[in-house]
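Colleague: Below is one structure. I have some questions about it.
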Amino acid sequence: MSQRLDRINELLRREISACIEKSFEFPDVLVTVHAVETAVDLKDASVHIGVIGSPDQRRAVIHKLNARHGFIQGAVMKRVVLRNTPHFHFKLDDSIERGVRILNILDEIGEIELPDDPEGLTDKL
């Protein structure tokens, strides 16, 4: 990916995040903008949203953001001037939850006590 597109993606991510923080309220839910992937022609952009909450809350957040994508696009494009205004598509990104789940599994494994020398394995080395 080109450096220009990387800079545009990061700029859009920051501006979308600021717009969501100022204009939307999601009680009892943490909403973050993880990444933005803009098409090369700058006509479409996938916005990856992290939501910490119940599955129903996640669906509601994504639905609300997709329903109000025009408002968000307008607010962002007042601050970011591009030749083409990308059409935002909000998608759920559950990478943080998967990471937390893996860390919890690793913690559980760490709590299991293994025998000091199962079946004399150190003698065989």
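Colleague: Could you check, for the stretch 42-52, whether at least one of its residues is free of Cβ contacts under 8 Å to residues at least 40 places away in the same chain, on the phi < 0 side of the Ramachandran plot and out of contact with any Lys or Arg (no Cβ under 6 Å at 6 or more places or on another chain)?
Modeller: No, the stretch 42-52 contains no residue that is free of Cβ contacts under 8 Å to residues at least 40 places away in the same chain, on the phi < 0 side of the Ramachandran plot and out of contact with any Lys or Arg (no Cβ under 6 Å at 6 or more places or on another chain).
Colleague: List pairs: first residue in the stretch 86-114 and free of Cβ contacts under 8 Å to residues at least 60 places away in the same chain, second residue surrounded by 11 or more Cβ atoms within 10 Å (Cβ to Cβ) and of a type in the set (Phe, Trp, Tyr) anywhere in the structure, Cβ distance under 9 angstrom, at least six positions apart or on different chains.
Modeller: none
Colleague: Can you name the number of the only condition in (1) in contact with an Asp or Glu (Cβ under 7 Å, 6 or more places away or on another chain); (2) within 15 Å of ASP94 (Cα to Cα); (3) assigned to a helix (DSSP H, G or I) that HIS34 fails?
Modeller: (3)
Colleague: Same structure, new question: Just to verify a result, which residue in the stretch 38-55, among those that are in contact with a His (Cβ under 7 Å, 6 or more places away or on another chain) and charged (D, E, K, R), is nearest to SER95 (Cα to Cα)?
Modeller: ASP44
Colleague: Report, by residue number, each residue of the stretch 1-38 that is within 18 Å of LYS78 (Cα to Cα), touching a residue at least 40 places away in the same chain (Cβ under 8 Å) and of a type in the set (Gly, Ala, Ser).
Modeller: SER23 - this is the single residue of the stretch 1-38 that is within 18 Å of LYS78 (Cα to Cα), touching a residue at least 40 places away in the same chain (Cβ under 8 Å) and of a type in the set (Gly, Ala, Ser).
Colleague: Another question, then. Do you know which of the residues in the stretch 10-41 that are acidic (Asp, Glu) and under 14 Å from the mean Cα position of the chain (by Cα) is surrounded by the most Cβ atoms within 10 Å (Cβ to Cβ)?
Modeller: This residue is GLU37.
Colleague: Considering the stretch 60-85 alone, what residues qualify as being among the basic types (Lys, Arg) and surrounded by 13 or more Cβ atoms within 10 Å (Cβ to Cβ)?
Modeller: LYS64, ARG68
Colleague: Can you confirm whether HIS63 is at pLDDT 90 or above and closer than 14 Å to VAL33 by Cβ?
Modeller: no
The values are calculated or read from the model by the stated rules, or taken from the named source; none is laboratory data. Treat the numbers as computed from the prediction; the structure is a model and nothing was measured. All Cβ positions, glycine included, derive from the backbone under ideal geometry; neighbour counts span all protein chains shown.
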